[in-house]
Amino acid sequence: MILLSDKNLSESSANTKDFNKEKEEKIESQKVIPGKGQKIKLYNSYEHDDEGFSVEGAEESKKAMDLRLSKVEKILEAIPKVNLYGSDRAKKLIVSWGSTKGAILEALKEMENKEDYAFLQIKGMWPLDPKISQIINAFKEKILVENNATAQLETLLKSQMTIGFTKKILKYDGRPFFPEEIKEALND
Amino acid sequence: MTNWRSGIAPTWCPGCHDYVIFAGLQNTLTKLNLDQDRTVIVYDIGCIGNMADFVKAWGVHSLHGRCIPTAVGIKLANPELNVIAIGGDGGIYGEGLSHLIAAARLNIDITVIVANNHLYSLTTGQSSPTTPKGTKTKSTPKGVPSIALMPVELIKTVNTEANAEHIDCKEPLKVNEAMEKAITHKGFNLLDLEQLCVSFGKQLK
Ligand SMILES: Cc1ncc(C[n+]2csc(CCOP(=O)(O)OP(=O)(O)O)c2C)c(N)n1
Ligand code: SF4
Ligand SMILES: [Mg+2]
């Protein structure tokens, strides 16, 4: 798993709910690790059999790859879902990711025509949920907000689905977004 | 007597010193009679890392340059385990050098065994951080421009308490003794083994 963060997020702090101790204990008891008298195993970064020993046959390699790919469905179930703020009947949808969320929500509070806007925060980047395209394409106007120069999220979305943004708000001067800037850009 | 062999036959080139290291490890594990359920070996990627398939013990065949952080993590998770990391000069002194230094500074009780053949051998003979200056290899047709790293001296400078030794695989009994010393010594151990690669290292003899 790769946890994607950004400077603005990693320099902030927030409270979280208690971790699920019961779930943790259950995972701990299921682990196949040394010192518990279980059957010895090799954890292997090469394609391997059930005991962990390398396999190099074409058929076995393909089988291992298919097994990995079959996990995508389950990962999609577990990966963080999108957050949709506002009405799904709004005229305009703001699409963004990462630490822009706070500034966007603040900006929307201040907007005169706030009912016109909904905001979709994408949290699971890969595998990318195909449902995201249905959500975005249900809106007439689509506005992208990203705190980078090259619209990285747009590149990702376009590589996987048909999506066209009506407006792009990008900031890349080494600073996070301020709500006033977003408000101004939306009204522009 | 505990069986430390997986039953899979080693695939190293005939005459490779990796067989000496494998035999040394087998002898030492047997002699020390370590608890097999509490012994973990982490392998780097490379010819020597392929030992993963030939040993019967808890193991991780990790990533190139990353056997040490994996071993450190395992030792931190359960300090009662005997933890050994095995890799080549490319992985441990190249891509993983900062991990070696960090583990030595931590003086963590693990044993790092390096098959130092002065080459990236699995990838057919490019230069590594311990290739002598001037040596011609596939990746340095005009000779290596850099000064070769001195791993034992480096680690002794970082941690004066560490057990760091250089032993030549031409003397298998000394390899066995050094392995026994390293695995039983409490604290950080680096065993730098001079290893001949018969296929790509002839110019180094
Ligand atoms: C991250 C990463 N980089 C590069 C490689 C390609 N690679 C595989 S083995 C190897 C070199 C091995 O040299 P060494 O660690 O000295 O082991 P030897 O084969 O000489 O025993 C390299 C560069 C890889 N597998 N992973
Ligand atoms: S290529 Fe060199 S290091 Fe690798 S197995 Fe053959 S002789 Fe040994
Ligand atoms: Mg090498």
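Listing for the model above:
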| read-out | value |
| --- | --- |
| Residue check, B:LYS156 away from ligand 2 (no atom under 15 Å from the Cβ), modelled with pLDDT of 95 or more and in a loop (DSSP other than H, G, I, E, B) | no |
| Single match in B:SER128, B:SER121 (criterion: touching a strand residue (DSSP E or B) at 6+ places or on another chain (Cβ under 9 Å), away from chain A (no Cβ under 13 Å) and closer than 24 Å to B:ASN176 by Cβ) | B:SER121 |
| Subset of region A:70-115 (residues that are over 23 Å from A:GLU141 (Cβ atoms) and β-branched (Val, Ile, Thr)) | A:VAL72, A:ILE75, A:ILE79 |
| Which numbered condition B:LEU106 fails, given (1) within 16 Å of ligand 3 (Cβ to nearest atom); (2) more than 21 Å from B:ALA178 (Cα to Cα); (3) among the aliphatic types (A, V, I, L, M) | (1) |
| Which numbered condition A:LYS91 fails, given (1) at pLDDT below 95; (2) more than 26 Å from B:TYR43 (Cβ to Cβ) | (1) |
| Condition met for B:LYS136 (farther than 18 Å from B:LEU25 by Cβ, more than 16 Å from ligand 1 (Cβ to nearest atom), touching a residue at least 12 places away in the same chain (Cβ under 8 Å) and open to solvent by 50 Å² or more (accessible area, probe 1.4 Å)) | yes |
| Complete set of residues in region B:18-45 that are within 14 Å of chain A (Cβ to nearest Cβ), open to solvent by less than 40 Å² (accessible area, probe 1.4 Å) and out of contact with any His (no Cβ under 7 Å at 6 or more places or on another chain) | B:LEU29, B:LEU34, B:GLN36, B:ASP37, B:THR39, B:VAL40, B:ILE41, B:VAL42 |
| Looking only at region B:60-74, and only at residues there that are touching a strand residue (DSSP E or B) at 6+ places or on another chain (Cβ under 6 Å) and either assigned to a loop (DSSP other than H, G, I, E, B) or open to solvent by less than 20 Å² (accessible area, probe 1.4 Å) (or both), the one that is farthest from the other protein chains (Cβ to nearest Cβ) | B:ILE68 |
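The values are calculated or read from the model by the stated rules, or taken from the named source; none is laboratory data. Bear in mind the structure is a predicted one, so any value in this text is a computation, not a measurement. Backbone-built Cβ (ideal geometry, glycine too); neighbour counts: all protein chains shown. With ligands, DNA and RNA removed, areas are computed over all heavy atoms of the protein, side chains included. Shrake-Rupley method; radii C 1.70, N 1.55, O 1.52, S 1.80 Å.
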